Amino acid sequence: MFASDLKFAGFLLQQEAQLLKLYGSKLDRDEILKQRIPLFAQIQTDYARVKSSLSGLERFDLDKEPLNNAVMINYRLYFHHLDDFAALERLHKGDLRTTIDAIIELAKSNTNDPFHAIWQATTSRAGAASHAGG
């Protein structure tokens, strides 16, 4: 897993939190739509600042393309729960084939929520490893 991917995933998660805070507010629809415009502009400005530190991710033009919910969802889907996948890869000592096999088995074990299965596997194994070492 590349550090830039994880950094970008974290950036997207922060931006999503800001948007969800706005969308979950008690403001009326028109006010939410109005406040969303400068929020999208701020997301683009913030991304322009971090883009140069995202090695290999220069292909993403989040700072240049028109920004809306669909664009944000597109990025979030691709970078969804990336930290859990990275943790699983660490548990398998960077062995990509073993990690992919584990992802497939975990997804099969919980077809309703495969992301939860991956999170649960990394949490339980990481906790067991820390207890074994301490």
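Things worth noting here:
- Value of relative contact order over the range 3-78, rounded to a whole percent, pairs C-alpha under 8 Å and six or more apart: 43 percent
- Cα-based reach from LYS21 at 23 Å (exclusive), listing lysines while leaving out same-chain residues under 8 positions away: LYS7, LYS34
- The alpha-carbon positions of the chain define a convex hull whose volume is 150 Å³ per residue.
- Between the helical axis of 69-78 and the longest alpha-carbon principal axis of the chain there is an angle of about 10 degrees.
- For the chain, the relative contact order comes to 24 percent (Cα pairs under 8 Å, sequence separation of at least 6).
- Extension gain, LYS34-SER55: 0.36 nm per intervening residue step, less the Cα-Cα distance, totals 4.2 nm.
- Think of it as helices only: each DSSP H run of n ≥ 4 in the chain is worth -39500 (n - 2.57), and spread over all residues that comes to -24500 deg cm²/dmol at 222 nm.
- Sites LYS93 and PHE115, calculated FRET efficiency, Cβ-Cβ separation with R0 25 Å, nearest 0.05: 0.65
- Distance between the pseudo-spin-label points of SER124 and ALA41 (7 Å out from Cα toward the beta carbon): 5.0 nm.
- Taking the C-alpha atoms only, the angle from helix 29-51 to the longest principal axis of the chain is near 60 degrees.
Where a number appears in this text, it was derived from the coordinates with a stated rule and is not lab data. The shown structure was predicted, so the numbers you read here are calculated from the model rather than taken from an experiment. As a convention, Cβ positions derive from the backbone with ideal geometry for all residues, glycine included, and neighbour counts pool all protein chains shown.
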